[in-house]
1. Give me the percent relative contact order of the stretch 1-102, please, defined on Cα pairs under 8 angstrom at least 6 residues apart.
2. When Phe285, Phe68 are ordered from fewest to most other Cβ atoms inside 10 Å of their Cβ, what list results?
3. State the answer as a single residue: which of Gly289, Met46, Pro94 lies farthest towards the positive end of the charge dipole of the chain, with beta carbon charges of +1 for Lys and Arg and -1 for Asp and Glu, about the Cα centre.
4. Let me check the size of the chain from its C-alpha atoms; what are the radius of gyration and Dmax in Å?
5. Before anything else, pin down the relative contact order of the chain: Cα pairs under 8 Å, at least 6 apart, normalised by residue count, whole percent.
6. To the nearest 20 Debye, how big is the dipole of the chain about its Cα centre, given +1 on the beta carbon of each Lys and Arg and -1 on that of each Asp and Glu?
7. Find which of Cys5, Val188, Gly224 sits farthest along the positive direction of the dipole of the chain, computed with +1 on the beta-carbon of Lys and Arg, -1 on that of Asp and Glu, about the Cα centre.
8. What ratio of Cα Rg to 2.2 N^0.38 Å holds for the stretch 197-241?
Amino acid sequence: MYALCNSVLLTGYQRLTDTAVVVAEGKVVALLPQTELPAELPRQDMQGHILCPGFIDLQLNGCGGVMFNDTPDVATLTHMQRTNLRSGTTSFLPTLISDSDQTIEQALTATQAFMQQHQYQVLGMHLEGPYTNPKRRGIHPKEQLRQPSEAMIHYLCSQSPWLKKITLAPELNQAEHIRQLADAGITVSIGHSAATYEQAMAGFDAGIRFATHLYNAMTATENGRIPGIVGAIYDRQDVYTGLVADGFHVHWANVRLAKKVMGERLCLVTDATAAAMPPAGFDKFDFCGAEIFLRNGRCEDANGTLGGSALTMIEGIQLLVEHAGISLDEAVRMATLYPARAIGVDDKLGAIQPGLIANLARFDKNYQIVDTMVGGHWTKDVI
């Protein structure tokens, strides 16, 4: 047991000073005024830095020069996790975009193996496609887009401990399949979809509770008579959404609008690729057969189509504060508490409260990560 002292503490619910976080056996066991700490309790000085829950990224295709689709194995997940820790992300959903059934099965097997070895880091896989609409495919390979068989739906439901989230187009999928996935405990998300407002609402009624990268690869509010998917998301009170706050995917005015409407249901995601925290000299990569170039912080193909991002969670927090006018405390909640709620893990992660896992991030006033903690252990020495 030990106490973390002298921090600006963002618990997810409060901003506290002169309060210590007491950690034992991998969990937060108490928040105590520093003056009330037992004299014999070991203390660690946080040097006035900000201490908050570790960030939770619900959409991460790759980072550090690797892509999950390229080699969906435990070694890739290990590399992604170590890269994440450098930017304050302690938990994430490795995201596999539209691919073959064989690759999906391989990725789920790797996810299961990693999760069994390392708790509260990979929280399950995000399968983004292939059950999406070619009209809104973005960078996804058209030849992989398809509708699921009954057997595949049954298999995916059986993988619910390792499959946390699936993005699909409700207008091209059976409502019964959506219900089956949701009933299995998988977070079903609308995305890469050309649905009308009515089709989106029908999808929500069937069990969709999330929206993948708000505004991107979905029908917009065209006018006062055609609200589209964006209007449906705004009109629904039980749906969370991810938003890529990198300055390229969404105009800052639309970020501010989304925040006003969605409130605590708006989550920061990176949609990151190999270009996030890449090795030296890195300027292009393969994204399921598409050559993607990193140009001035933007990931795009030869035609200028966005192919994921180079964003990290701490950069997203900084950009939300500086360009969207969102408070630091709230931007941190968008990266911690709200994602945890969205996928139903807020009983273990997403806040600094007694009984929750001690996954923490520590950063300075310049948004530089000083260290991260996973399960009560500082990680700087292992990355």
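1. 25
2. In increasing order of surrounding Cβ atoms, one gets Phe285, Phe68.
3. Met46
4. When restricted to Cα atoms, the chain yields Rg and Dmax of 20.2, 67 Å.
5. 21
6. 520
7. My answer, from the dipole projection, is Gly224.
8. Taking the Cα Rg and dividing by 2.2 N^0.38 Å, one obtains 1.03.
The numbers here are math on the coordinates, done by the rules we state, and not lab data. Just so we're clear, the structure is a prediction, and the values are computed from it rather than from any experiment. Positions of Cβ are generated from backbone atoms using ideal geometry, with glycine treated the same way; all protein chains shown enter the neighbour counts.
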